[in-house]
Ligand SMILES: CC1(C)S[C@@H]2[C@H](NC(=O)CCCC[C@H](NC(=O)C[NH3+])C(=O)[O-])C(=O)N2[C@H]1C(=O)[O-]
């Protein structure tokens, strides 16, 4: 069934609300069967007063997890790994339990503790302590294993960045190449994603980009410009840079079956419950909207940048929305409204 027309006025209202709640900039792009809708409000740079534009690049945070999952599913299609292989079969003795499988890792059911809980317990000091640091992926796993696991392997969904750090180690081991090479060869170049890159461990965002501003824990405290950082604390869990156009192209291609086999895409959509109106597959979130439409993609929260990137079941309509702040729960919640405007239209509640 056809989707209702996007509610562009409603979309603008959501973005203006996000600005009023503290986001210096907010923008969205909808690609709807070839028709493009763009809208943006506020500043890319509070220092110069430059206006934000929907063409600006930004850090996509955990939307990176879909790209890492796509690479692993392609390796499954190539016969290099099976989803139900134990991770330790490919990375001997990495994990303390041979029962943890590749599928458990990609669906956040491994029980591996999320080391970022400790890194960012205090938001600004935590960020300042790591913003120029470079970690190895193995070191990040070590940090996780210093804490108890959250569930037995294959237990309930429990979101953890550690899982996609393990996915990054798998990709490197199975291909013998860097993550940057694999993202470029398997996703970026084939789709012509010219705004998309994996700049780790450089701290700068290549090309024209919007700055991102971290909201401190203490209320009414000055925003922290978080634009330059290595994002080495995340890497294959969150360090890709992209744009609204590129993420919409990527998600549409994925759900249209252009990036994996049909079987692989079906595996990505074997859902486990992940909160109200949400489910998680393999590196992919499903959100069930008020109008009965389900959309597929991921959210991202990296210092200074909140992203919502979702597409329809057949990839025909995609939305990417960005607010240039983070650690700001009202803004994160408000930005969920962009999905309702884009996919439910004026009937959204
Ligand atoms: C599950 C999420 C929201 S968190 C996870 C990942 N981002 C992180 O793990 C970083 C969290 C700390 C970032 C920081 N917050 C604090 O420091 C709080 N003390 C901020 O808001 O900038 C990402 O991206 N994911 C989002 C996702 O998948 O949607």
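Here the scattering of region 168-285 is modelled by Debye summation over its C-alpha atoms, one equal scatterer each and no solvent; at q = 0.16, 0.18, 0.20 Å⁻¹ the log10 of I(q)/I(0) is -0.98, -1.16, -1.29.
Shape index of region 1-140: Rg/Rh, with Rg the Cα radius of gyration and Rh the Kirkwood radius from the inverse mean 1/r over Cα pairs, equals 1.07.
Stokes-Einstein diffusion of region 267-314 at 20 °C, 1.002 mPa s viscosity, Kirkwood radius from Cα pairs, rounded to a whole number: 190 µm²/s.
Computed from the alpha carbon positions, the gyration tensor of region 305-349 leads to an equivalent ellipsoid with semi-axes of 21, 13, 6 Å, biggest first. By the count of neighbouring beta-carbon atoms within 10 Å, fewest first, 343, 58 end up ordered 343, 58.
Per residue, the average separation of C-alpha pairs within less than 8 Å and at least 6 apart gives region 1-120 a relative contact order of 12 percent.
With the highest mean first, a sort of the peptides 125-133, 32-40 on other beta-carbon atoms found within 10 angstrom per residue produces 125-133, 32-40. Among 136-143, 241-248, sorting by the average number of other beta carbon atoms lying within 10 angstrom of each residue, highest first, gives 241-248, 136-143. Computed over region 135-222, the P(r) curve from all C-alpha pair distances, binned at 5 Å from the origin, holds 2, 10, 14, 16, 16, 17, 14, 8, 3, 0 percent per bin. Computed from the alpha carbon atoms alone, the convex hull of region 64-204 holds 116 Å³ per residue. Residues 313, 65 in ascending order of nearby Cβ atoms (within 10 Å, fewest first): 313, 65. How large is the Rg to Rh ratio of region 127-167 when both quantities use alpha carbon positions and Rh follows Kirkwood? Radius of gyration over Kirkwood radius for region 127-167 works out to 1.03.
The overall shape of region 3-51, judged from the alpha-carbon gyration tensor, is oblate: a/c is not under 1.5, and a/b is no greater than b/c.
For region 232-308, with equal point scatterers placed on the C-alpha atoms only and solvent neglected, what are the log10 I(q)/I(0) values from the Debye formula at q = 0.13, 0.14, 0.27 1/Å, to two decimals? The Cα Debye sum returns log10 ratios of -0.45, -0.53, -1.38. Distance from the alpha carbon centroid of region 275-349 to that of region 168-222 works out to 20 angstrom.
Relative contact order of the chain: 27 percent, from C-alpha pairs under 8 Å at least 6 residues apart in sequence. The shape of region 193-349 comes out oblate: with a ≥ b ≥ c from the C-alpha gyration tensor, a/c is at least 1.5 while a/b does not beat b/c. Treating each Cα of region 172-238 as one equal point scatterer and applying the Debye formula with no solvent, the log10 of I(q)/I(0) at q = 0.19 Å⁻¹ comes out as -0.87.
Note on 228, 78: ascending count of other Cβ atoms within 10 Å places them as 78, 228, the fewest first.
Plainly put, region 21-99 has a radius of gyration that is 1.23 times its Kirkwood radius, both from alpha-carbon atoms, as the Rg/Rh ratio. The value given for the chain is a Kirkwood hydrodynamic radius of 20.0 Å, derived from the mean inverse Cα-Cα separation. For region 179-271, the relative contact order comes to 28 percent (Cα pairs under 8 Å, sequence separation of at least 6).
Here, each number is a calculation from the coordinates, and none is a lab measurement. As the structure is a computational prediction, the values presented were derived from the model and not from experiment. Using ideal geometry, Cβ is built from the backbone for each residue, glycine included, and neighbour counts are taken over all protein chains shown.
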